[in-house]
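Worksheet: one structure, shown below.
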Amino acid sequence: MGLRDVLFGRKRLKEAKRDALFALPSAAVSMEVELGLRPAGVGAVVFKPLSAGEFVRAENEMQELLDVAARESSSRIERRSDEYGYEWLIIRDEQFEDLVTTVHLVAGELAERGFGPQLLAAVTRFDGGKHPVYFVYGYKRGAFWPFVPTGERERDNAEELELKAKLEKELPIEADISMWFALYGLPI
Amino acid sequence: MKRRPLGRDLGLSIRMAVALIPILAWYLFALLLLVAIVIGTLADRDWDAFLGAALFAVGGPVLLWQHIHRSESVALRAAHARELAEDDEPDLQALVARVSAMADLPPPRVALAKSWAPNAFSVGLNERRAVVAVTSELLRRDLTTAELEAVVAHELAHVANRDGLVMTFVSVPALAGSAMWHADDGRGKIFFLLFYWPVFFVSLFLMWTLSRYREYVADRGAALITGAPEQLMSALQKIAGKPARGDLRGGLAVQALCIVGRQAGWRRFELFSDHPPLDKRLERLAELARDLGKAA
(Lines give C-alpha, C1' and ligand atoms only; values in the text may rest on other atoms or scores of the structure.)
Protein backbone atom coordinates (compact mmCIF):
# COMPACT_ATOMS: atom_id res chain seq x y z
CA MET A 1 0.00 0.00 0.00
CA GLY A 2 1.31 3.37 -0.97
CA LEU A 3 1.49 6.85 0.42
CA ARG A 4 -1.61 7.78 -1.54
CA ASP A 5 -3.65 5.21 0.34
CA VAL A 6 -2.42 6.62 3.65
CA LEU A 7 -3.18 10.19 2.62
CA PHE A 8 -6.54 9.67 0.99
CA GLY A 9 -7.69 6.23 2.09
CA ARG A 10 -8.23 3.06 0.12
CA LYS A 11 -10.78 3.26 -2.66
CA ARG A 12 -10.63 -0.36 -3.82
CA LEU A 13 -10.26 -3.71 -2.20
CA LYS A 14 -7.24 -5.70 -3.24
CA GLU A 15 -7.71 -7.44 -6.57
CA ALA A 16 -7.76 -11.25 -6.48
CA LYS A 17 -4.66 -13.22 -7.39
CA ARG A 18 -6.18 -16.31 -8.95
CA ASP A 19 -3.47 -18.15 -10.80
CA ALA A 20 -1.40 -19.80 -8.08
CA LEU A 21 -4.38 -22.10 -7.44
CA PHE A 22 -3.11 -24.44 -10.13
CA ALA A 23 -0.24 -25.58 -7.92
CA LEU A 24 -2.80 -27.64 -6.04
CA PRO A 25 -3.29 -30.76 -8.24
CA SER A 26 0.40 -31.70 -8.27
CA ALA A 27 0.72 -31.05 -4.54
CA ALA A 28 -2.32 -33.28 -4.02
CA VAL A 29 -0.40 -36.19 -5.51
CA SER A 30 2.39 -35.94 -2.95
CA MET A 31 -0.10 -35.33 -0.15
CA GLU A 32 -1.63 -38.68 -0.99
CA VAL A 33 1.67 -40.53 -1.41
CA GLU A 34 3.57 -39.03 1.50
CA LEU A 35 0.90 -38.03 3.99
CA GLY A 36 -1.98 -40.35 3.18
CA LEU A 37 -4.34 -37.44 2.60
CA ARG A 38 -6.91 -38.02 -0.15
CA PRO A 39 -8.97 -35.27 -1.80
CA ALA A 40 -12.51 -35.51 -0.47
CA GLY A 41 -13.96 -34.54 -3.83
CA VAL A 42 -15.29 -31.25 -2.59
CA GLY A 43 -14.16 -27.66 -2.77
CA ALA A 44 -15.67 -24.21 -2.56
CA VAL A 45 -15.26 -20.62 -3.60
CA VAL A 46 -16.05 -18.13 -0.84
CA PHE A 47 -16.98 -14.60 -1.75
CA LYS A 48 -18.58 -11.56 -0.25
CA PRO A 49 -21.66 -10.50 -2.20
CA LEU A 50 -22.41 -6.83 -2.81
CA SER A 51 -25.81 -5.52 -1.95
CA ALA A 52 -25.89 -3.44 -5.14
CA GLY A 53 -28.34 -4.26 -7.93
CA GLU A 54 -25.50 -4.48 -10.44
CA PHE A 55 -24.02 -7.34 -8.52
CA VAL A 56 -27.29 -9.19 -8.01
CA ARG A 57 -27.83 -9.12 -11.79
CA ALA A 58 -24.30 -10.36 -12.49
CA GLU A 59 -24.78 -13.09 -9.92
CA ASN A 60 -27.93 -14.30 -11.61
CA GLU A 61 -26.21 -14.40 -14.99
CA MET A 62 -23.37 -16.31 -13.42
CA GLN A 63 -25.74 -18.89 -12.03
CA GLU A 64 -26.87 -19.78 -15.57
CA LEU A 65 -23.28 -20.01 -16.69
CA LEU A 66 -22.39 -22.23 -13.77
CA ASP A 67 -25.20 -24.60 -14.64
CA VAL A 68 -23.79 -24.95 -18.12
CA ALA A 69 -20.25 -25.41 -16.82
CA ALA A 70 -21.43 -28.01 -14.33
CA ARG A 71 -23.20 -30.02 -17.04
CA GLU A 72 -20.09 -30.04 -19.20
CA SER A 73 -17.55 -30.94 -16.54
CA SER A 74 -19.54 -33.41 -14.43
CA SER A 75 -18.97 -31.17 -11.37
CA ARG A 76 -21.99 -30.47 -9.22
CA ILE A 77 -22.39 -26.97 -7.86
CA GLU A 78 -24.54 -25.83 -4.99
CA ARG A 79 -24.81 -22.58 -3.17
CA ARG A 80 -24.86 -21.78 0.53
CA SER A 81 -24.64 -18.60 2.60
CA ASP A 82 -22.92 -18.55 5.98
CA GLU A 83 -23.63 -16.68 9.19
CA TYR A 84 -21.14 -13.94 8.30
CA GLY A 85 -22.91 -13.08 5.07
CA TYR A 86 -20.44 -14.78 2.75
CA GLU A 87 -21.57 -16.94 -0.16
CA TRP A 88 -20.16 -20.39 -0.71
CA LEU A 89 -20.27 -22.00 -4.13
CA ILE A 90 -19.69 -25.62 -3.26
CA ILE A 91 -18.32 -27.79 -6.01
CA ARG A 92 -18.28 -31.58 -5.95
CA ASP A 93 -16.19 -33.62 -8.35
CA GLU A 94 -14.43 -36.92 -7.78
CA GLN A 95 -11.73 -35.95 -10.25
CA PHE A 96 -9.50 -33.60 -8.30
CA GLU A 97 -8.12 -31.85 -11.36
CA ASP A 98 -11.62 -31.15 -12.68
CA LEU A 99 -12.58 -29.86 -9.25
CA VAL A 100 -9.74 -27.36 -9.24
CA THR A 101 -10.54 -26.34 -12.81
CA THR A 102 -14.17 -25.67 -11.93
CA VAL A 103 -13.16 -23.71 -8.83
CA HIS A 104 -10.91 -21.61 -11.03
CA LEU A 105 -13.66 -21.16 -13.60
CA VAL A 106 -16.14 -19.97 -11.00
CA ALA A 107 -13.66 -17.45 -9.57
CA GLY A 108 -12.78 -16.39 -13.10
CA GLU A 109 -16.43 -15.71 -13.92
CA LEU A 110 -16.77 -13.45 -10.89
CA ALA A 111 -13.54 -11.62 -11.74
CA GLU A 112 -14.60 -11.28 -15.38
CA ARG A 113 -17.63 -9.35 -14.24
CA GLY A 114 -15.47 -7.02 -12.16
CA PHE A 115 -16.06 -8.65 -8.81
CA GLY A 116 -12.59 -10.13 -8.30
CA PRO A 117 -12.04 -8.04 -5.16
CA GLN A 118 -15.09 -9.73 -3.62
CA LEU A 119 -13.32 -13.13 -3.72
CA LEU A 120 -12.11 -14.23 -0.31
CA ALA A 121 -10.87 -17.80 -0.61
CA ALA A 122 -11.04 -21.15 -2.35
CA VAL A 123 -11.13 -24.15 -0.06
CA THR A 124 -10.54 -27.83 -0.78
CA ARG A 125 -10.94 -30.66 1.65
CA PHE A 126 -8.69 -33.67 2.22
CA ASP A 127 -9.48 -36.74 4.32
CA GLY A 128 -7.37 -39.51 5.76
CA GLY A 129 -5.91 -37.87 8.85
CA LYS A 130 -7.40 -37.74 12.33
CA HIS A 131 -9.32 -34.60 11.35
CA PRO A 132 -10.31 -33.31 7.94
CA VAL A 133 -7.59 -31.12 6.45
CA TYR A 134 -8.54 -28.04 4.45
CA PHE A 135 -6.29 -26.14 2.14
CA VAL A 136 -7.38 -22.55 1.95
CA TYR A 137 -6.29 -20.48 -1.01
CA GLY A 138 -6.51 -16.78 -0.09
CA TYR A 139 -7.31 -14.71 -3.16
CA LYS A 140 -5.96 -11.57 -1.49
CA ARG A 141 -2.65 -13.25 -0.75
CA GLY A 142 -2.26 -15.52 -3.76
CA ALA A 143 -1.07 -18.28 -1.44
CA PHE A 144 -2.31 -21.33 0.43
CA TRP A 145 -2.46 -22.24 4.06
CA PRO A 146 -3.62 -25.37 5.86
CA PHE A 147 -6.61 -25.27 8.17
CA VAL A 148 -7.29 -28.21 10.48
CA PRO A 149 -10.31 -27.48 12.67
CA THR A 150 -10.67 -29.80 15.64
CA GLY A 151 -13.69 -28.22 17.28
CA GLU A 152 -16.12 -25.37 17.01
CA ARG A 153 -13.40 -22.77 17.56
CA GLU A 154 -10.24 -24.84 17.76
CA ARG A 155 -7.63 -25.71 15.23
CA ASP A 156 -4.62 -27.99 15.32
CA ASN A 157 -1.73 -25.56 14.87
CA ALA A 158 0.94 -28.23 15.21
CA GLU A 159 -0.58 -30.30 12.41
CA GLU A 160 -0.91 -27.18 10.26
CA LEU A 161 2.73 -26.23 10.76
CA GLU A 162 3.80 -29.75 9.92
CA LEU A 163 1.79 -29.62 6.70
CA LYS A 164 3.45 -26.32 5.87
CA ALA A 165 6.89 -27.81 6.46
CA LYS A 166 6.15 -30.82 4.25
CA LEU A 167 4.43 -29.00 1.41
CA GLU A 168 6.08 -25.62 1.12
CA LYS A 169 8.37 -26.85 -1.65
CA GLU A 170 5.44 -27.63 -3.93
CA LEU A 171 2.77 -25.23 -2.82
CA PRO A 172 3.05 -21.47 -2.37
CA ILE A 173 2.30 -21.32 1.36
CA GLU A 174 1.50 -17.99 3.00
CA ALA A 175 4.67 -17.02 4.86
CA ASP A 176 2.94 -14.78 7.40
CA ILE A 177 1.26 -17.16 9.82
CA SER A 178 -0.90 -14.39 11.27
CA MET A 179 -2.67 -14.32 7.92
CA TRP A 180 -3.74 -17.98 8.13
CA PHE A 181 -7.38 -17.15 8.61
CA ALA A 182 -9.70 -19.75 10.06
CA LEU A 183 -13.01 -20.62 8.44
CA TYR A 184 -14.79 -22.24 11.36
CA GLY A 185 -18.09 -23.90 10.68
CA LEU A 186 -17.36 -24.19 6.99
CA PRO A 187 -20.06 -26.06 5.05
CA ILE A 188 -17.80 -28.57 3.26
CA MET B 1 -14.81 -5.48 -16.75
CA LYS B 2 -13.45 -2.77 -14.50
CA ARG B 3 -15.48 -1.51 -11.59
CA ARG B 4 -15.41 2.09 -10.55
CA PRO B 5 -13.31 2.83 -7.43
CA LEU B 6 -15.75 3.50 -4.67
CA GLY B 7 -16.53 7.03 -3.57
CA ARG B 8 -13.79 8.77 -5.47
CA ASP B 9 -14.23 12.28 -4.18
CA LEU B 10 -11.78 14.76 -5.61
CA GLY B 11 -13.16 17.60 -3.47
CA LEU B 12 -12.53 15.65 -0.30
CA SER B 13 -9.02 14.64 -1.40
CA ILE B 14 -8.14 18.24 -2.20
CA ARG B 15 -9.51 19.50 1.11
CA MET B 16 -7.52 16.86 2.97
CA ALA B 17 -4.35 17.86 1.17
CA VAL B 18 -5.01 21.55 1.86
CA ALA B 19 -5.54 20.86 5.56
CA LEU B 20 -2.30 18.90 5.68
CA ILE B 21 -0.19 21.67 4.13
CA PRO B 22 -0.11 23.97 7.21
CA ILE B 23 0.74 20.96 9.37
CA LEU B 24 3.65 20.07 7.10
CA ALA B 25 4.68 23.73 7.12
CA TRP B 26 4.75 23.60 10.92
CA TYR B 27 7.13 20.63 10.85
CA LEU B 28 9.32 22.35 8.30
CA PHE B 29 9.38 25.54 10.33
CA ALA B 30 10.19 23.66 13.54
CA LEU B 31 13.03 21.87 11.79
CA LEU B 32 14.42 25.09 10.32
CA LEU B 33 14.17 26.82 13.69
CA LEU B 34 16.09 24.05 15.33
CA VAL B 35 18.78 24.08 12.65
CA ALA B 36 19.06 27.87 12.93
CA ILE B 37 19.48 27.63 16.70
CA VAL B 38 22.14 24.94 16.41
CA ILE B 39 24.05 26.96 13.79
CA GLY B 40 23.68 30.09 15.91
CA THR B 41 25.19 28.41 18.95
CA LEU B 42 28.03 27.06 16.81
CA ALA B 43 28.76 30.50 15.38
CA ASP B 44 28.80 31.98 18.89
CA ARG B 45 30.96 29.12 20.12
CA ASP B 46 28.45 28.84 22.94
CA TRP B 47 29.02 25.16 23.70
CA ASP B 48 26.56 24.93 26.56
CA ALA B 49 23.72 26.25 24.42
CA PHE B 50 24.85 24.01 21.55
CA LEU B 51 24.71 20.98 23.79
CA GLY B 52 21.23 21.96 24.97
CA ALA B 53 19.93 22.43 21.43
CA ALA B 54 21.51 19.20 20.22
CA LEU B 55 20.00 17.34 23.16
CA PHE B 56 16.59 18.75 22.30
CA ALA B 57 16.98 17.81 18.65
CA VAL B 58 17.65 14.21 19.61
CA GLY B 59 15.57 13.98 22.77
CA GLY B 60 12.45 15.69 21.43
CA PRO B 61 11.61 13.02 18.86
CA VAL B 62 12.50 10.28 21.36
CA LEU B 63 10.11 11.75 23.93
CA LEU B 64 7.45 12.09 21.25
CA TRP B 65 7.91 8.47 20.25
CA GLN B 66 7.56 7.39 23.87
CA HIS B 67 4.43 9.47 24.21
CA ILE B 68 2.96 7.79 21.14
CA HIS B 69 3.77 4.33 22.43
CA ARG B 70 2.28 5.07 25.80
CA SER B 71 -0.80 6.66 24.29
CA GLU B 72 -1.91 3.31 22.89
CA SER B 73 -2.14 1.60 26.26
CA VAL B 74 -3.23 4.80 28.00
CA ALA B 75 -6.14 5.04 25.60
CA LEU B 76 -7.16 1.46 26.24
CA ARG B 77 -6.88 1.92 29.99
CA ALA B 78 -8.76 5.21 29.94
CA ALA B 79 -11.60 3.47 28.15
CA HIS B 80 -11.52 0.62 30.70
CA ALA B 81 -10.79 -1.70 27.82
CA ARG B 82 -9.64 -5.22 28.49
CA GLU B 83 -7.93 -7.18 25.78
CA LEU B 84 -9.78 -10.38 25.05
CA ALA B 85 -8.19 -13.78 25.57
CA GLU B 86 -8.33 -16.19 22.68
CA ASP B 87 -11.48 -17.97 23.85
CA ASP B 88 -13.27 -14.84 25.06
CA GLU B 89 -16.25 -13.58 23.02
CA PRO B 90 -15.54 -16.11 20.26
CA ASP B 91 -18.27 -14.81 17.96
CA LEU B 92 -16.95 -11.27 18.06
CA GLN B 93 -13.38 -12.42 17.49
CA ALA B 94 -14.39 -14.65 14.61
CA LEU B 95 -16.27 -11.74 13.08
CA VAL B 96 -13.27 -9.42 13.41
CA ALA B 97 -11.03 -12.08 11.84
CA ARG B 98 -13.39 -12.47 8.89
CA VAL B 99 -13.56 -8.75 8.27
CA SER B 100 -9.78 -8.40 8.45
CA ALA B 101 -9.38 -11.27 5.97
CA MET B 102 -11.50 -9.35 3.49
CA ALA B 103 -9.51 -6.16 4.18
CA ASP B 104 -6.25 -8.11 3.77
CA LEU B 105 -5.07 -7.09 7.24
CA PRO B 106 -3.62 -9.34 9.93
CA PRO B 107 -6.36 -9.93 12.50
CA PRO B 108 -6.03 -7.20 15.13
CA ARG B 109 -6.25 -7.81 18.84
CA VAL B 110 -9.76 -7.27 20.14
CA ALA B 111 -10.66 -5.47 23.34
CA LEU B 112 -13.87 -4.99 25.23
CA ALA B 113 -14.42 -1.60 26.88
CA LYS B 114 -16.79 -1.18 29.78
CA SER B 115 -18.97 1.75 28.90
CA TRP B 116 -22.56 2.89 28.89
CA ALA B 117 -22.05 4.40 25.47
CA PRO B 118 -22.39 2.19 22.41
CA ASN B 119 -19.18 2.81 20.54
CA ALA B 120 -16.12 1.25 18.95
CA PHE B 121 -12.62 2.53 18.41
CA SER B 122 -9.21 1.45 17.27
CA VAL B 123 -5.72 2.30 18.45
CA GLY B 124 -2.33 1.50 17.03
CA LEU B 125 0.17 3.15 14.75
CA ASN B 126 0.24 0.33 12.25
CA GLU B 127 -1.68 -2.78 11.37
CA ARG B 128 0.55 -5.06 13.48
CA ARG B 129 -0.04 -3.08 16.66
CA ALA B 130 -3.70 -2.39 16.03
CA VAL B 131 -6.30 -3.06 18.69
CA VAL B 132 -9.97 -2.82 17.85
CA ALA B 133 -12.17 -2.18 20.86
CA VAL B 134 -15.91 -2.29 21.17
CA THR B 135 -17.88 -1.22 24.21
CA SER B 136 -19.99 -3.57 26.25
CA GLU B 137 -23.00 -1.41 25.49
CA LEU B 138 -22.46 -1.87 21.74
CA LEU B 139 -22.73 -5.63 22.17
CA ARG B 140 -25.83 -5.20 24.30
CA ARG B 141 -27.60 -3.17 21.63
CA ASP B 142 -29.33 -5.51 19.27
CA LEU B 143 -27.19 -4.93 16.22
CA THR B 144 -27.49 -7.62 13.59
CA THR B 145 -24.34 -9.50 12.59
CA ALA B 146 -24.19 -7.47 9.38
CA GLU B 147 -24.42 -4.20 11.31
CA LEU B 148 -21.76 -5.23 13.80
CA GLU B 149 -19.61 -6.28 10.85
CA ALA B 150 -20.03 -2.80 9.38
CA VAL B 151 -18.91 -1.18 12.64
CA VAL B 152 -15.85 -3.43 12.82
CA ALA B 153 -15.12 -2.73 9.15
CA HIS B 154 -15.18 1.02 9.85
CA GLU B 155 -12.55 0.54 12.54
CA LEU B 156 -10.46 -1.71 10.31
CA ALA B 157 -10.65 0.92 7.59
CA HIS B 158 -9.08 3.33 10.11
CA VAL B 159 -6.36 0.72 10.66
CA ALA B 160 -5.83 0.12 6.93
CA ASN B 161 -5.60 3.86 6.27
CA ARG B 162 -3.11 4.27 9.15
CA ASP B 163 -5.30 6.84 10.83
CA GLY B 164 -3.58 6.30 14.19
CA LEU B 165 -0.33 7.40 12.60
CA VAL B 166 -1.81 10.23 10.56
CA MET B 167 -3.78 11.70 13.44
CA THR B 168 -0.78 11.47 15.75
CA PHE B 169 1.32 13.30 13.17
CA VAL B 170 -1.37 15.94 12.82
CA SER B 171 -1.79 16.36 16.57
CA VAL B 172 1.85 17.23 17.27
CA PRO B 173 1.57 21.05 16.73
CA ALA B 174 -1.35 21.20 19.17
CA LEU B 175 0.46 18.86 21.52
CA ALA B 176 3.50 21.16 21.48
CA GLY B 177 1.20 24.04 22.47
CA SER B 178 -0.22 22.20 25.45
CA ALA B 179 3.31 21.12 26.47
CA MET B 180 4.34 24.81 26.49
CA TRP B 181 1.32 25.76 28.56
CA HIS B 182 2.03 23.07 31.12
CA ALA B 183 5.81 23.59 31.21
CA ASP B 184 7.31 23.86 34.69
CA ASP B 185 8.90 27.27 34.30
CA GLY B 186 6.78 30.26 33.31
CA ARG B 187 8.63 30.89 30.06
CA GLY B 188 6.56 28.33 28.16
CA LYS B 189 3.34 30.05 29.15
CA ILE B 190 4.70 33.45 28.13
CA PHE B 191 5.87 32.14 24.76
CA PHE B 192 2.48 30.56 24.26
CA LEU B 193 0.59 33.76 25.08
CA LEU B 194 2.88 35.95 23.00
CA PHE B 195 3.41 33.86 19.89
CA TYR B 196 2.04 30.37 19.86
CA TRP B 197 -1.67 30.67 20.63
CA PRO B 198 -2.77 31.39 17.03
CA VAL B 199 -0.78 28.36 15.84
CA PHE B 200 -2.33 26.27 18.60
CA PHE B 201 -5.90 27.13 17.73
CA VAL B 202 -5.37 26.79 13.99
CA SER B 203 -3.78 23.40 14.50
CA LEU B 204 -6.68 22.30 16.70
CA PHE B 205 -9.12 23.23 13.96
CA LEU B 206 -7.04 21.46 11.35
CA MET B 207 -6.93 18.40 13.54
CA TRP B 208 -10.70 18.29 13.88
CA THR B 209 -11.16 19.00 10.20
CA LEU B 210 -8.85 16.18 9.13
CA SER B 211 -10.46 13.89 11.63
CA ARG B 212 -13.89 14.57 10.12
CA TYR B 213 -12.55 13.90 6.64
CA ARG B 214 -11.03 10.65 7.73
CA GLU B 215 -14.32 9.56 9.22
CA TYR B 216 -15.91 9.85 5.79
CA VAL B 217 -12.99 7.91 4.36
CA ALA B 218 -13.35 5.16 6.98
CA ASP B 219 -17.08 4.96 6.23
CA ARG B 220 -16.17 4.45 2.60
CA GLY B 221 -13.63 1.79 3.60
CA ALA B 222 -16.30 -0.02 5.60
CA ALA B 223 -18.63 0.06 2.61
CA LEU B 224 -15.85 -1.44 0.48
CA ILE B 225 -15.05 -4.22 2.94
CA THR B 226 -18.62 -5.24 3.66
CA GLY B 227 -20.03 -4.50 0.23
CA ALA B 228 -23.11 -3.13 1.98
CA PRO B 229 -23.15 0.60 2.88
CA GLU B 230 -26.73 0.32 4.08
CA GLN B 231 -25.64 -1.89 6.98
CA LEU B 232 -23.33 0.83 8.29
CA MET B 233 -26.14 3.34 7.83
CA SER B 234 -28.51 1.38 10.00
CA ALA B 235 -25.77 0.62 12.55
CA LEU B 236 -24.90 4.31 12.81
CA GLN B 237 -28.51 5.20 13.28
CA LYS B 238 -28.87 2.64 16.03
CA ILE B 239 -25.81 3.71 17.99
CA ALA B 240 -25.62 7.43 17.27
CA GLY B 241 -29.33 8.00 17.62
CA LYS B 242 -29.04 8.12 21.38
CA PRO B 243 -26.59 10.55 22.98
CA ALA B 244 -23.55 8.88 24.47
CA ARG B 245 -23.21 9.13 28.24
CA GLY B 246 -19.71 9.56 29.57
CA ASP B 247 -16.60 9.79 27.51
CA LEU B 248 -14.39 6.89 26.66
CA ARG B 249 -11.82 8.77 24.66
CA GLY B 250 -8.25 8.88 25.93
CA GLY B 251 -5.18 10.57 24.48
CA LEU B 252 -5.19 13.06 21.66
CA ALA B 253 -4.33 10.56 19.00
CA VAL B 254 -7.20 8.17 19.59
CA GLN B 255 -10.14 10.34 20.43
CA ALA B 256 -10.74 10.76 16.74
CA LEU B 257 -10.93 7.07 16.01
CA CYS B 258 -14.27 6.21 17.57
CA ILE B 259 -17.08 5.27 15.25
CA VAL B 260 -19.38 7.91 16.68
CA GLY B 261 -18.20 11.15 18.24
CA ARG B 262 -19.53 13.02 21.18
CA GLN B 263 -21.85 15.73 19.90
CA ALA B 264 -22.54 17.50 23.18
CA GLY B 265 -21.83 21.07 24.25
CA TRP B 266 -19.83 23.13 21.79
CA ARG B 267 -19.01 20.00 19.81
CA ARG B 268 -22.53 20.27 18.46
CA PHE B 269 -21.09 22.72 15.96
CA GLU B 270 -19.49 20.87 13.10
CA LEU B 271 -16.41 23.12 13.06
CA PHE B 272 -15.53 22.13 16.63
CA SER B 273 -16.22 18.45 16.19
CA ASP B 274 -13.90 15.61 15.26
CA HIS B 275 -16.79 13.65 13.76
CA PRO B 276 -19.09 14.76 10.95
CA PRO B 277 -22.77 15.12 11.80
CA LEU B 278 -24.75 11.91 11.41
CA ASP B 279 -26.97 13.16 8.59
CA LYS B 280 -23.98 14.07 6.45
CA ARG B 281 -22.42 10.67 6.97
CA LEU B 282 -25.67 8.95 6.08
CA GLU B 283 -25.99 11.10 2.99
CA ARG B 284 -22.53 10.07 1.78
CA LEU B 285 -23.17 6.44 2.53
CA ALA B 286 -26.37 6.60 0.50
CA GLU B 287 -24.30 7.99 -2.36
CA LEU B 288 -21.88 5.07 -2.01
CA ALA B 289 -24.80 2.64 -2.02
CA ARG B 290 -25.86 4.07 -5.38
CA ASP B 291 -22.31 3.88 -6.77
CA LEU B 292 -21.44 0.43 -5.50
CA GLY B 293 -20.62 -2.09 -8.20
CA LYS B 294 -21.09 0.36 -11.08
CA ALA B 295 -18.91 -0.19 -14.12
CA ALA B 296 -16.01 2.21 -14.64
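The values are calculated or read from the model by the stated rules, or taken from the named source; none is laboratory data. As the structure is a prediction and not an experimental result, all values here were calculated from the model. Because the Cβ atoms are built from the backbone with ideal geometry, glycine has one as well, and the counts that use them run over all protein chains shown. These accessible areas exclude ligands, DNA and RNA; they are computed on the full protein's heavy atoms, side chains included. Shrake-Rupley method; radii C 1.70, N 1.55, O 1.52, S 1.80 Å.
Pairs under 8 Å by beta carbon, first residue touching a residue at least 60 places away in the same chain (Cβ under 8 Å) in the stretch A:60-80, partner surrounded by 17 or more Cβ atoms within 10 Å (Cβ to Cβ) and β-branched (V, I, T), six or more apart or different chains?
A:R80/A:I90
B:M102 passes all but one of (1) under 16 Å from the mean Cα position of the chain (by Cα); (2) within 12 Å of another protein chain (Cβ to nearest Cβ); (3) under 20 Å from A:G85 (Cα atoms); which number fails?
Evaluating B:M102 over (1) under 16 Å from the mean Cα position of the chain (by Cα); (2) within 12 Å of another protein chain (Cβ to nearest Cβ); (3) under 20 Å from A:G85 (Cα atoms) leaves (1) as the failure.
Taking A:E109 and the conditions (1) away from chain B (no Cβ under 14 Å); (2) without any contact (Cβ under 8 Å) to a residue 60 or more places away in the chain, which numbered condition does it fall short on, given that it satisfies the others?
(1)
Working carefully through the options B:G227, B:G186, find the one that is within 11 Å of chain A (Cβ to nearest Cβ) and either farther than 27 Å from B:A19 by Cα or touching a residue at least 24 places away in the same chain (Cβ under 8 Å) (or both). Break it down stepwise before answering.
Numbers: B:G186 fails: within 11 Å of chain A (Cβ to nearest Cβ).
The match here is B:G227.
Given the criterion part of a helix (DSSP H, G or I) and within 30 Å of A:L186 (Cβ to Cβ), identify the matching residue among B:A53, B:A94. Full working, then the answer.
Values: B:A53 fails: within 30 Å of A:L186 (Cβ to Cβ).
None of the other options fit; the residue is B:A94.
B:G11: open to solvent by less than 40 Å² (accessible area, probe 1.4 Å), at pLDDT below 85 and more than 11 Å from every other protein chain (Cβ to nearest Cβ), yes or no?
yes
I need the full set of residues from the stretch A:8-31 which are within 7 Å of another protein chain (Cβ to nearest Cβ) and either touching a residue at least 40 places away in the same chain (Cβ under 8 Å) or open to solvent by 30 Å² or more (accessible area, probe 1.4 Å) (or both), in order please. Spell out how you get there, then give the answer.
Going through the stretch A:8-31, the residues within 7 Å of another protein chain (Cβ to nearest Cβ) turn out to be A:8-14.
If the condition is that a residue be within 7 Å of another protein chain (Cβ to nearest Cβ) and either touching a residue at least 40 places away in the same chain (Cβ under 8 Å) or open to solvent by 30 Å² or more (accessible area, probe 1.4 Å) (or both), then A:F8, A:R10, A:K11, A:R12, A:L13, A:K14 are the ones that fit.
Just to be sure I understand the filter: pairs with C-beta atoms under 9 Å, separated by 6 or more residues or on different chains, first member in the stretch B:35-55 and on the phi < 0 side of the Ramachandran plot, second member of a type in the set (D, E). Which pairs pass?
B:G40/B:D46; B:T41/B:D48; B:F50/B:D44
If you scan the stretch B:229-267, which residues turn out to be of a type in the set (A, V, I, L, M), at pLDDT 90 or above and either open to solvent by less than 40 Å² (accessible area, probe 1.4 Å) or within 17 Å of B:F121 (Cβ to Cβ) (or both)?
In the first step, residues of the stretch B:229-267 are kept if they are of a type in the set (A, V, I, L, M); the result is B:232-233, B:235-236, B:239-240, B:244, B:248, B:252-254, B:256-257, B:259-260, B:264.
Narrowing further to those that are at pLDDT 90 or above: B:232-233, B:235-236.
Correct list: B:L232, B:A235, B:L236.
Exactly one condition in (1) at pLDDT 85 or above; (2) under 30 Å from B:N119 (Cβ atoms); (3) within 19 Å of the chain's Cα centre (by Cα) is false for B:L24; which is it?
For B:L24, the exception is condition (2).
Would it be correct to say that B:E83 is more than 14 Å from every other protein chain (Cβ to nearest Cβ) and modelled with pLDDT of 90 or more? Break it down into steps so the answer makes sense when it comes.
Numbers: more than 14 Å from every other protein chain (Cβ to nearest Cβ): yes; modelled with pLDDT of 90 or more: yes.
The answer is yes for B:E83.
Which number in (1) within 22 Å of B:T209 (Cα to Cα); (2) within 17 Å of the chain's Cα centre (by Cα) marks the one condition that B:V74 misses?
Tallying (1) within 22 Å of B:T209 (Cα to Cα); (2) within 17 Å of the chain's Cα centre (by Cα), B:V74 fails exactly one: (1).
Just one of A:E97, A:E170 is of a type in the set (D, E, K, R) and either in contact with a Pro (Cβ under 6 Å, 6 or more places away or on another chain) or within 14 Å of chain B (Cβ to nearest Cβ) (or both); which is it?
Details: A:E170 fails: either in contact with a Pro (Cβ under 6 Å, 6 or more places away or on another chain) or within 14 Å of chain B (Cβ to nearest Cβ) (or both).
Step by step, each of A:E97, A:E170 is checked, and only A:E97 is of a type in the set (D, E, K, R) and either in contact with a Pro (Cβ under 6 Å, 6 or more places away or on another chain) or within 14 Å of chain B (Cβ to nearest Cβ) (or both).
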